[in-house]
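Rule-based calculations on the coordinates, nothing more; no lab input. The structure displayed is predicted, hence computed values, not measured ones. FYI the Cβ positions are ideal-geometry reconstructions off the backbone, even for glycines, and counts take in every protein chain you see.
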Amino acid sequence: MRRFFAAAFLLLLLLFLLPLLFLSSNPRVTSDGSKQSDPPTATLPADASPSPTLAAHSDDASTQFRLLTDDGVCTISMDKYLFRVVAAEMPASFQLEALKAQTIAARTYALYKIQNGPSKNHPEADLCTDSSCCSAYITEAEAQKNWGDKQAEYLKKIQQAVSETDGQAILYKGKPINAVFHSSSSGATESAALVWGANVPYLSSVASPENGDTVPNYQSVVEISAESFRSTILKEYPDAKLSGSPDQWFGTPKRSGASKVLNISVGGITVTGRALRSLFGLRSTAFSIAAKENTVVFSVTGYGHGVGMSQYGANAYAASGWNCQKILTWYYHGTVIGSWGAS
Ligand SMILES: [Zn+2]
């Protein structure tokens with residue numbers, strides 16, 4: 001009998017000890033029996049912000065980045081973002097090939113910004129929805145409200161522009177370019193060198209076909225009283241001599257090949273066309289000045305800085321039969337259209 005109890009005791013002891021022995025030989029088996037996986041070798045700390053997943057993908061759905069909206073920073077995919085940008089940047093009534101050109105330009109512009117690091121305006125996000133910083137942006141609901149009874153047609157058209165150009169970008173030496181664009185030009189686009197003082201090979205001046213027949217407010221007029229003009233200029237340029245009649249205040253403007261005012265003498269001071277555009281809210285720097293007794297009148301052609309693709313020009317070329325590739329390689333000289341992830 002004692003032998004039986006001794007054997008039972010040994011058996012019980014073994015039953016308790018064996019699992020303990022097993023556990024000690026395999027420290028990754030937890031108390032509930034599940035197996036811990038090996039820790040990833042490159043785990044981000046829990047508080048690290050997510051990085052854009054641009055590396056290996058060139059399709060829009062897989063390309064995600066951080067977008068600063070009015071509601072804070074969110075992660076968004078390129079296809080969703082592009083729909084909202086194109087709906088905000090170009091009239092949906094435009095030719096499909098113009099909308100496709102706009103989509104590729106907007107995708108390229110976004111990629112260029114993402115790849116060159118966040119703006120100082122928003123280090124926490126790759127892009128924002130402020131048109132003066134990144135690109136214009138409108139939600140589907142807002143866009144559809146604006147489109148009224150055309151909403152089904154326009155929704156489909158912009159979705160088509162995005163899906164048919166999936167992953168396509170404007171490339172120079174294999175990299176997405178700084179694809180700036182503007183609304184309308186005065187017969188030709190402007191070179192980046194003349195507007196911003198930086199020579200960018202693919203942002204040179206090329207002919208652009210839009211005119212007053214196809215562009216609303218192509219010609220605009222801004223009238224300013226002589227007194228208001230004088231005080232505005234003197235605030236910025238205190239040495240300007242603006243006495244007597246306004247018709248004595250202006251020299252002959254120096255113009256670019258695209259008819260834009262590079263600079264002009266105002267009261268004996270050289271003022272750039274860009275500065276006058278900003279001070280008096282002109283739609284572009286393609287302007288002439290007429291001075292009457294008590295008024296200064298700017299007559300302005302086109303809208304925007306004039307560099308890169310003209311949106312109305314793109315629409316006119318599309319109406320004449322050009323496809324989006326031809327439009328883009330015209331406005332961005334020396335570039336090719338291709339998959340940005342393939343390079
Ligand atoms: Zn921004």
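Below are the figures for this structure:
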{"quantity": "Approximate spin-label separation Phe250-Gln115, in nm, with each point projected 7 Å along Cα-to-Cβ", "calculated": "4.3"}
{"quantity": "Chain lengthening between Ala240 and Glu153 when straightened (0.36 nm per residue, less Cα-Cα)", "calculated": "25.9 nm"}
{"quantity": "Compactness of region 219-301, expressed as Rg and Dmax over alpha-carbon positions, Å", "calculated": "11.6, 33"}
{"quantity": "Hits among lysines - C-alpha to C-alpha of Lys145 under 23 Å, sequence gap 8 or more where chains match", "calculated": "Lys80, Lys100, Lys156, Lys157"}
{"quantity": "Rounded FRET efficiency, nearest 0.05, which uses the C-beta distance separating Leu262 from Lys292 and R0 of 22 Å", "calculated": "0.35"}
{"quantity": "Spin-label model distance (nm) - Glu140 vs Lys80, 7 Å beyond Cα toward Cβ", "calculated": "1.0"}
